[in-house]
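Read-outs: derived from the displayed coordinates by stated rules, not from any lab. As the structure is a computational prediction, the values presented were derived from the model and not from experiment. Cβ placement follows ideal geometry from the backbone for every residue including glycine, while neighbour counts extend to all protein chains displayed.
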Amino acid sequence: MDAIITHEPTIRLAVFVSALALFVVWEVAAPSRLRVKPRLTRWVANAGLVVIDTLLLRIAFPLLAVGAALWASGSGIGLFNWLDAPIWLSVPLSILLLDCAIYW
């Protein structure tokens, strides 16, 4: 299991590239409709969208997570806000619970 977690980005990329290759072959072998635009033009545009989406997600998700955490903290929402735990207990338990949630 550790090998999967260690190589997770490589596995994701391999799955993405494999699926992309499968769909490219499928589109060339059995198109579902007549082409209006050249394949290369569409493929470059779609690849550009993938790059833009990936960059936006890499930037937006961390910012949104921090924003949500700050909002929850300010609003008194969350397990450790309800329990009124001291910081020396909250931080290690939060890390432990987050790791358990990710593992699960």
Angle in degrees between helix 87-103 and the longest Cα principal axis of the chain, rounded to the nearest 10: 30 degrees
J(HN,Hα) series, the stretch 60-73, from Karplus relation 6.51 cos²θ - 1.76 cosθ + 1.60, nearest Hz, glycine and proline x: 6, 4, x, 5, 5, 5, 5, x, 5, 5, 5, 5, 4, 5
Rg [Å, one decimal], Dmax [Å, integer] - the chain, C-alpha atoms: 21.8, 65
Choice from 60, 30, 47 with maximal GNM fluctuation in the chain (Cα, 10 Å cutoff): 30
Farthest positive-ward along the chain dipole, Cα basis, beta-carbon charges - from 104, 10, 40: 40
Using alpha-carbon coordinates, inclination of helix 8-29 to the longest axis of the chain, degrees: 30 degrees
